[in-house]
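Heads up: the structure comes next, in structure tokens.
Throughout, read-outs are computed from the coordinates displayed, never taken from laboratory work. None of these values were measured; they are calculated from a predicted model. We place every Cβ from the backbone using ideal geometry, glycine too, and count neighbours over all the protein chains shown.
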Amino acid sequence: MHPAFLYLPGDRLTIPELSAARIDGHVVDLGEGYIPAVLIESSSARAAAIATLVPADTAASGPSAAWIHGAGDAPPARHHVRRAVSHRIRLALPPRVILHDTALSLTHVVLIGGVPVMTPERTMVDLALGLHRDESLRRWMLLLAHAEPSLVPAALLELETMTRVPGKRAGRGALERLLVRTT
């Protein structure tokens, strides 16, 4: 998506101007910004809309990556990023951003609209592995499976290659139940 189609508050237009344009039906809100109402919402538009929340050396992950890949209509209330470099990083993050400080392999990162994002398959695996800590991730799994049903068997295959990973048993069970629902 071309940056000219994304309006971030305070950039070219103020919040009152963007609010008025939204009320008039000229723009719709998307993530942290607004896009023209006639523009089709795409993965690149969603990624660009939260680009300011994804710091250098990280990638959008978890519910944020699921939303970028087409899960659901609204972005998560808190965005998730994961370290995309092997060394530790120190970041000052806004309260709406959660950093998962485990390294993400570059094979599991894709650039969408210039923003590093976890791949759809790895996103599904990540959501499944996090279920034992946070049950709200199930909603994002369902939405992502609805958007891309082929991700469920791919995530199951990838999960089986992992060894000694917390939440693997619960994640496998959730993916198997989801596979039955989507077929």
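Listed by position, the strands (runs of 3 or more DSSP E) inside segment 16-78 whose residues that are among the hydrophobic types (A, V, I, L, M, F, W, C) number at least 3 are 27-30. Is it true that Leu142 is under 17 Å from the mean Cα position of the chain (by Cα) and either part of a helix (DSSP H, G or I) or in contact (Cβ under 8 Å) with a residue 12 or more places away in the chain (or both)? In short, yes. When segment 79-100 is limited to residues that are β-branched (Val, Ile, Thr) and not in a strand (DSSP E or B), the one that is farthest from the chain's Cα centre (by Cα) turns out to be Ile89. Taking (1) in contact (Cβ under 8 Å) with a residue 12 or more places away in the chain; (2) crowded, with 17+ Cβ neighbours inside 10 Å; (3) in contact with a Ser or Thr (Cβ under 9 Å, 6 or more places away or on another chain) in turn, Met124 satisfies each apart from (3).
Quick check: is even one residue across segment 7-19 farther than 18 Å from Pro116 by Cα and among the β-branched types (Val, Ile, Thr)? Show your work before the answer.
Narrowing segment 7-19 to residues farther than 18 Å from Pro116 by Cα: 7-19.
Among the residues that remain, those that are also among the β-branched types (Val, Ile, Thr) are: 14-15.
Within segment 7-19, one or more residues are farther than 18 Å from Pro116 by Cα and among the β-branched types (Val, Ile, Thr).
Taken over segment 130-152, the criterion of being buried (at least 16 other Cβ atoms within 10 Å of the Cβ) and either acidic (Asp, Glu) or farther than 16 Å from Gly62 by Cα (or both) is satisfied by Glu148 alone. The residues on offer are Ala20, Ala47, and the sole one that is of a type in the set (A, V, I, L, M), on the phi < 0 side of the Ramachandran plot and within 14 Å of the chain's Cα centre (by Cα) is Ala47.
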